[in-house]
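The structure appears right after this line, and notes come after that.
The values are calculated or read from the model by the stated rules, or taken from the named source; none is laboratory data. Keep in mind the model is a prediction, meaning the values are calculated, not measured. Glycine also receives a Cβ, built like all others from the backbone with ideal geometry; neighbour counts cover every protein chain displayed.
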Amino acid sequence: MATATDGGVSGAAGGATDSVALSADGVTVRFGGLTALSDVSLDVRRGSIVGLVGPNGAGKSTLLAVLSGLLSPTEGTVRLLGDDVTATSARHRATRGLARTFQQPELFMGLTVREHLVLAYRARVSPHRMWRDMLDPRALFRTSTGETDKVDGLLDLLHLTHVAKAPVAALPLGVIRLVEVGRALASEPRVLLLDEPLSGLDLHGSENLVTVFREIVEQSDDGLSLVIVEHDVAAVLALSDSVVVLDFGERIAVGTPEEVRRNPAVRAAYLGDAEPPTRMTKEKAAGTTAPGAPVGGDEA
Amino acid sequence: MLQFVIAGLVLGGIYAIASAGLVITYTSSGILNFAFGAMAFVIARLYYYLHTQQTWSIPAAAAVSILIAAPALGVILYAILFRHLRLSSPLTKVVATIGLSVALPSLATLIFGSAAIQQAPGLAPEPVKVFHFLSVPVTLDQVIVYISVLVIVVAGALVLKFSDVGLKVRAMVDSTAMTDLSGTNPTAISIGVWAVSTFLAGLTGVLAAPIIGLDAINFTLLVAASFAAVIAAKLRSLPIAVGVGLLMGVATSLIQRYLPPASAWTSEVIDAVPFIVIAVVLLYNLVRGGRVGETEGWGGALDRAIMPQGESKLAASTSTVVDTASLNFFGRYAGPLALVAIAVALPLVVGGFWVGLTSQAFAFAVIFLSWTLVTGEGGMLWLCQVTFAGVGALTTAEFVNHLGWPVLAGVVVGGVVAMGLGALIGFLSIRLGDLYVALVTLTFGLLIENLVFTLPTFVNQGLGVTLNRPGFASSDVSFAYLCLAAFVVVSLFIVNLRRSTTGLALNAARWSEAGARTSGISVVQMKVLAGATAAFIAGVGGGLLAVSQSTIVPSEFATFAGIVWFASLVTIGIRSTAAALVAGLAFVMLPALCQAYLPTWTANVLPVIFGMGAISAAKYPDGILAEQSRRLRQLLRRVAPDSLADDHFAEEIEAGVTETEAVGVAPGVAGGTT
């Protein structure tokens, strides 16, 4: 199996497990007669950004569902921070430090932007409050300094301060995506799975968010890792330390963005005959290629 | 033995036809039709009216009622109600059909009269001809049931499998949107499906009437029993539904062979058979970790994509969320505070008989708050709150009368016992899905009603159990204030819960299970917490109701009576604590006002109004009180624009739109979710 030694991904599970935040080993998912994922393995190193790309139907979202615990694999194992979490629930994984966003945003329409972040923070840091606060009227006004700092910091980071008290039901889709990212970050994750976070954002918005992702990984004390599924391949290649390419449920390539860009299998199966996208520097991420622009004929 | 099997096949055949109608409707429209029994009753009543009261011949009466009126009823109901439910959540659909099940029988009573009819004719001419099959007597009515089942199963299978119409129906089940895009008119198919469904309801009604009499409750009970077959069929498999329906009938008949015929317990066990089947099937599904997957199984990706996100949950439209958030303190609390002020004045203003009713109304309001929590906040449809109220009432009586506990302590213990049952029911049903919660709670209510509320110690030869008021609140006025105080305390608890971490987590579990779970929130735990707490509230309310009446007659806590309670609350408003107070007052006071000051027939209009109100939940999920409040606010905003608005909120929304540009939201996607 291919292994990217200098990136965030290695081709197989195992190896230096203390540096691996999240891993999948031989994950297979079958829906009746359809094999959605076939023997897919990956390791996500701590503090790295891993891009997960592939054409529609490649199995990217299915793999994210398996990693996050929303879907049980037919075969294979998932490890989070070294522990086998294959049989555990999505909630258990969340309490262990795994957060995610969704392709179709899964927000709580009755809550405000700030309440989303507060709830996610408390669910991770003080879960007992979900039971205790119903009997304690004073709890409405009990916010810790850590909670306030965390929530306010995220609102500011994501440019959501001015809509903090607005119910998400009143907000446009692009802002809703930012709220979902904010909610995930408020839970102080060790690994964050992002399913098409740039969808619905224009050039400027994509650029902002990509910068945010890079900053939160670099500034994280705990070695936050990101796994990003995104159709904007140019942005993914620019952002990621390493990239995994799926096609028809199988992993066809893994490595650094440059390795993947040059990989003949990727060119044949994913990019077609077209030239790969111009290499972008991280600083120019999303700034030279329009979001959602296809990098190959297949994608269109 | 053979005799029992042949006899059992009659009841089983009726179960099978009802189950077939329910499955066909569910698979083609996503609607589990709780009003199927009410439809069957209306058509059976029409047949009785034409044949017995108007002396029409059997063929003429049957043709008009079953072949013309029944399908027409389906078409009319589709046009005025069901077509609007296409994109609604499963729970909204269920609530609408519950409203229909309350409204239709009362409407039939208004039209045909309220005389009790114990003996109703079937489709066989009188005197009914008797055949002998293997020395077993078989009536012509029974033969007609066998033939009907056979024709429905064979014709249904052939049409669905091999005909062009069947192909179109199956296509629509997969995706209405794609069927429409393919050039087939889904409306025409839906009309046809509803016509067939109500035809089956009508046939069920006419066939069942000679066995169960013309009583709306019995019809609804019959269809509730048929839910067992539908659940066993996982709501979708026609052959399994029909098979289980037939087997249930045979099993019911065979049980009679082995149990003492004269025992009251035998009768209770026989009535409980379908519900025991439901319990067994649900436990089996629970062990297997199955889930009915309501919306997931109906419609394709395109259908789900066009379903408005904010409208997909019961009783919490996003427009209301935004509207409420935009209010200042005066806008939010002026109405509820005015209502409480009126409630405080009421026991002093009214006199004599009406004061006692006021305390009952406040007790009902407490019971209604249990739905405000579990349905309004939790997004779950629990149909056994009346059972919890009954459990609370009887437990209170037991602790006060037999153990000598103080009344209020007994009321609290009643709530605790109900809470334990609520936690158990929630744990068993919530992980199976929202639709199963409705079915399980309905089944639980009927089981307790049949097996516990009928115990001689509680029935006491029809007199019920007496219960004295506490010494400090022995007068009607003081006890009314005690009930009002309980209402205020529970209301404040719910208001606090809404904004607490618990409320936020419950809100999360209701709006997005995937989002909640991946945020570290246990959906099952939060919903069980809501269900158990609501059961406690219902138990306390039931205890207060019992004390206010000084007597507990268990039959007052019948499951179907609870459905009327629920319909009245949904009509006024399911999310608002103030609406629970208004609903309590309306539910108790309006019938008394009708009896005191209006012609007696007007009392039958109220269930129709409540039923229609529940039906309107499809359009106004927050109820008429919230809707009228919203309109009043709109009017006030026009007159005095700044009187209600929260200035900060307006800035937030404006900022949200501005920030759309700042954060770079692509043009064309800033459409919001409403």
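So A:Ala99 ticks every box in (1) of a type in the set (Gly, Ala, Ser); (2) more than 14 Å from chain B (Cβ to nearest Cβ); (3) in contact (Cβ under 8 Å) with a residue 40 or more places away in the chain but one. Which box is left unticked?
(2)
Take A:Val113 and tell me if it is under 16 Å from the mean Cα position of the chain (by Cα), buried (at least 23 other Cβ atoms within 10 Å of the Cβ) and among the aliphatic types (A, V, I, L, M).
Values: under 16 Å from the mean Cα position of the chain (by Cα): no; buried (at least 23 other Cβ atoms within 10 Å of the Cβ): yes; among the aliphatic types (A, V, I, L, M): yes.
In short, no.
Name every residue in segment A:183-201 that is surrounded by fewer than 24 Cβ atoms within 10 Å (Cβ to Cβ) and within 17 Å of A:Gln104 (Cα to Cα), in order of residue number.
Residues satisfying the conditions are A:Asp195, A:Glu196, A:Ser199.
When you check B:Leu207 against the structure, is it in contact (Cβ under 8 Å) with a residue 60 or more places away in the chain and touching a helix residue (DSSP H, G or I) at 6+ places or on another chain (Cβ under 9 Å), yes or no? Lay out the reasoning, then the answer.
Details: in contact (Cβ under 8 Å) with a residue 60 or more places away in the chain: yes; touching a helix residue (DSSP H, G or I) at 6+ places or on another chain (Cβ under 9 Å): yes.
Yes, satisfied.
Take B:Val138 and tell me if it is assigned to a helix (DSSP H, G or I) and assigned by TED's automatic domain parsing to the domain that holds B:Leu32. Write out each step before concluding.
Working: assigned to a helix (DSSP H, G or I): no; assigned by TED's automatic domain parsing to the domain that holds B:Leu32: yes.
Answer is no for this residue.
Mind checking whether some residue in segment B:510-521 is assigned to a helix (DSSP H, G or I), β-branched (Val, Ile, Thr) and out of contact with any strand residue (DSSP E or B) (no Cβ under 6 Å at 6 or more places or on another chain)?
Step one: of segment B:510-521, the residues assigned to a helix (DSSP H, G or I) are B:510-511, B:513-517.
Next, from what is left, pick out any that are β-branched (Val, Ile, Thr): none.
Looking through segment B:510-521, none of the residues is assigned to a helix (DSSP H, G or I), β-branched (Val, Ile, Thr) and out of contact with any strand residue (DSSP E or B) (no Cβ under 6 Å at 6 or more places or on another chain).
Taking the stated definitions as given, is A:Arg91 free of Cβ contacts under 8 Å to residues at least 24 places away in the same chain, basic (Lys, Arg) and within 14 Å of chain B (Cβ to nearest Cβ)? Working first, answer last.
Values: free of Cβ contacts under 8 Å to residues at least 24 places away in the same chain: yes; basic (Lys, Arg): yes; within 14 Å of chain B (Cβ to nearest Cβ): yes.
Judged against the criteria, A:Arg91 is a match.
Select from segment A:208-239 the residues that are crowded, with 21+ Cβ neighbours inside 10 Å and of a type in the set (D, E, K, R) and write down the one among them that is modelled with the highest pLDDT.
A:Glu230
Please go through segment A:170-205 and pick out each residue that is more than 20 Å from A:Lys150 (Cβ to Cβ), in a helix (DSSP H, G or I) and either more than 10 Å from chain B (Cβ to nearest Cβ) or modelled with pLDDT under 85 (or both).
A:Ala170, A:Leu173, A:Gly174, A:Leu203, A:His204, A:Gly205
Hand me the list of helices (runs of 4 or more DSSP H) wholly inside segment B:598-673 holding 3 or more residues that are loosely packed, with under 13 Cβ neighbours inside 10 Å, modelled with pLDDT under 50 and away from chain A (no Cβ under 14 Å). Even if it seems obvious, please write down each step before you answer.
Details: elements: B:605-615, B:623-639, B:647-663.
By residue number, no helices (runs of 4 or more DSSP H) qualify.
Taking only segment A:147-164 into account, find how many residues are within 7 Å of chain B (Cβ to nearest Cβ) and at pLDDT 90 or above.
The initial filter retains those residues of segment A:147-164 that are within 7 Å of chain B (Cβ to nearest Cβ), namely A:159, A:162-163.
If we keep only those that are at pLDDT 90 or above as well, we get A:162-163.
Residues meeting the conditions: 2.
Only one of these conditions is not met by B:Ala473: (1) crowded, with 19+ Cβ neighbours inside 10 Å; (2) over 19 Å from B:Gly379 (Cβ atoms); (3) at pLDDT 90 or above. Which number is it?
(3)
In segment B:480-497, which residue that is surrounded by 20 or more Cβ atoms within 10 Å (Cβ to Cβ) and within 18 Å of B:Gly376 (Cβ to Cβ) is farthest from the other protein chains (Cβ to nearest Cβ)?
For segment B:480-497, the residue satisfying everything is B:Phe487.
Only one of these conditions is not met by A:Ala123: (1) within 11 Å of chain B (Cβ to nearest Cβ); (2) surrounded by fewer than 24 Cβ atoms within 10 Å (Cβ to Cβ). Which number is it?
If we test A:Ala123 against (1) within 11 Å of chain B (Cβ to nearest Cβ); (2) surrounded by fewer than 24 Cβ atoms within 10 Å (Cβ to Cβ), just (2) comes out false.
Taking B:Gln595 as the residue in question, decide whether it is surrounded by fewer than 24 Cβ atoms within 10 Å (Cβ to Cβ) and out of contact with any Asp or Glu (no Cβ under 9 Å at 6 or more places or on another chain).
On the way: surrounded by fewer than 24 Cβ atoms within 10 Å (Cβ to Cβ): yes; out of contact with any Asp or Glu (no Cβ under 9 Å at 6 or more places or on another chain): yes.
Taking the combined requirement at face value, the residue satisfies it.
If B:Asp164 passes every condition in (1) in contact (Cβ under 8 Å) with a residue 24 or more places away in the chain; (2) more than 23 Å from the chain's Cα centre (by Cα) but one, which one does it miss?
(1)
Have a look at B:Ala578, B:Ala546, B:Ala534, B:Ala538 and point out the one that is within 14 Å of chain A (Cβ to nearest Cβ), in a helix (DSSP H, G or I) and touching a residue at least 60 places away in the same chain (Cβ under 8 Å). Outline the logic, then answer.
Details: B:Ala578 fails: within 14 Å of chain A (Cβ to nearest Cβ); B:Ala546 fails: within 14 Å of chain A (Cβ to nearest Cβ); B:Ala538 fails: within 14 Å of chain A (Cβ to nearest Cβ).
The match here is B:Ala534.
Of all residues in segment B:118-127, which are surrounded by fewer than 16 Cβ atoms within 10 Å (Cβ to Cβ) and in contact (Cβ under 8 Å) with a residue 12 or more places away in the chain? So that I can check it myself, show each step before the final result.
Initially, segment B:118-127 is screened for residues surrounded by fewer than 16 Cβ atoms within 10 Å (Cβ to Cβ), giving B:118-119, B:125-127.
If the condition is that a residue be surrounded by fewer than 16 Cβ atoms within 10 Å (Cβ to Cβ) and in contact (Cβ under 8 Å) with a residue 12 or more places away in the chain, then B:Gln118, B:Gln119, B:Pro125 are the ones that fit.
Against the condition away from chain B (no Cβ under 14 Å), of a type outside the set (Phe, Trp, Tyr) and either free of Cβ contacts under 8 Å to residues at least 60 places away in the same chain or part of a helix (DSSP H, G or I) (or both), how does A:Leu226 come out, does it pass? Write out each step before concluding.
Details: away from chain B (no Cβ under 14 Å): yes; of a type outside the set (Phe, Trp, Tyr): yes; either free of Cβ contacts under 8 Å to residues at least 60 places away in the same chain or part of a helix (DSSP H, G or I) (or both): no.
No.
Given the options B:Phe34, B:Phe41, name the one that is crowded, with 22+ Cβ neighbours inside 10 Å, in contact (Cβ under 8 Å) with a residue 12 or more places away in the chain and either part of a loop (DSSP other than H, G, I, E, B) or of a type in the set (A, V, I, L, M) (or both). Lay out the reasoning, then the answer.
Details: B:Phe41 fails: either part of a loop (DSSP other than H, G, I, E, B) or of a type in the set (A, V, I, L, M) (or both).
That would be B:Phe34, the only listed residue that is crowded, with 22+ Cβ neighbours inside 10 Å, in contact (Cβ under 8 Å) with a residue 12 or more places away in the chain and either part of a loop (DSSP other than H, G, I, E, B) or of a type in the set (A, V, I, L, M) (or both).
For segment B:82-117, how many residues are surrounded by fewer than 21 Cβ atoms within 10 Å (Cβ to Cβ), assigned to a loop (DSSP other than H, G, I, E, B) and either modelled with pLDDT of 90 or more or out of contact with any strand residue (DSSP E or B) (no Cβ under 9 Å at 6 or more places or on another chain) (or both)?
5
Residue by residue, here is whether (1) buried (at least 22 other Cβ atoms within 10 Å of the Cβ); (2) closer than 25 Å to B:Ala44 by Cα holds:
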| site | (1), (2) |
| --- | --- |
| B:Gly213 | no, yes |
| B:Leu222 | yes, yes |
| B:Ala228 | yes, yes |
| B:Gly243 | no, yes |
| B:Ile278 | yes, no |
| B:Asn285 | no, no |
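What number of residues within segment A:62-88 satisfy the criterion of being part of a loop (DSSP other than H, G, I, E, B) and within 14 Å of chain B (Cβ to nearest Cβ)?
Taking segment A:62-88 as the starting set, the residues that turn out to be part of a loop (DSSP other than H, G, I, E, B) are A:69-74, A:81-82, A:85-88.
Among the residues that remain, those that are also within 14 Å of chain B (Cβ to nearest Cβ) are: A:69-72, A:85, A:87-88.
Result for segment A:62-88: 7.
Could you tell me whether segment B:224-238 includes any residue that is over 17 Å from B:Ser65 (Cα atoms), in the same structural domain as B:Gly74 (by TED's automatic domain parsing) and among the polar types (S, T, N, Q)?
In the first step, residues of segment B:224-238 are kept if they are over 17 Å from B:Ser65 (Cα atoms); the result is B:224-238.
Still in the running and in the same structural domain as B:Gly74 (by TED's automatic domain parsing): B:224-238.
Imposing the further condition that a residue be among the polar types (S, T, N, Q) reduces the set to B:226, B:237.
Scanning segment B:224-238 turns up at least one residue that is over 17 Å from B:Ser65 (Cα atoms), in the same structural domain as B:Gly74 (by TED's automatic domain parsing) and among the polar types (S, T, N, Q).
State which residue is farthest from A:Arg177 (Cα to Cα) when the search covers only segment A:102-117 and only residues that are facing another protein chain (nearest Cβ under 9 Å) and hydrophobic (A, V, I, L, M, F, W, C). It would help to see each step written out before you state the result.
Initial filter on segment A:102-117 (facing another protein chain (nearest Cβ under 9 Å)): A:102, A:104-113, A:115-116.
This time we only want the ones that are hydrophobic (A, V, I, L, M, F, W, C), so: A:102, A:107-109, A:111, A:113.
Working: A:Phe102: 9, A:Leu107: 9, A:Phe108: 12, A:Met109: 13, A:Leu111: 15, A:Val113: 11 Å.
Per the criteria, the residue is A:Leu111.
Say whether the condition of being basic (Lys, Arg) and either in contact (Cβ under 8 Å) with a residue 12 or more places away in the chain or closer than 24 Å to B:Phe444 by Cα (or both) is met by at least one residue in segment B:517-524. Working first, answer last.
Going residue by residue through segment B:517-524, those that are basic (Lys, Arg) are B:517.
Those left that are additionally either in contact (Cβ under 8 Å) with a residue 12 or more places away in the chain or closer than 24 Å to B:Phe444 by Cα (or both): none.
There is no residue in segment B:517-524 that is basic (Lys, Arg) and either in contact (Cβ under 8 Å) with a residue 12 or more places away in the chain or closer than 24 Å to B:Phe444 by Cα (or both).
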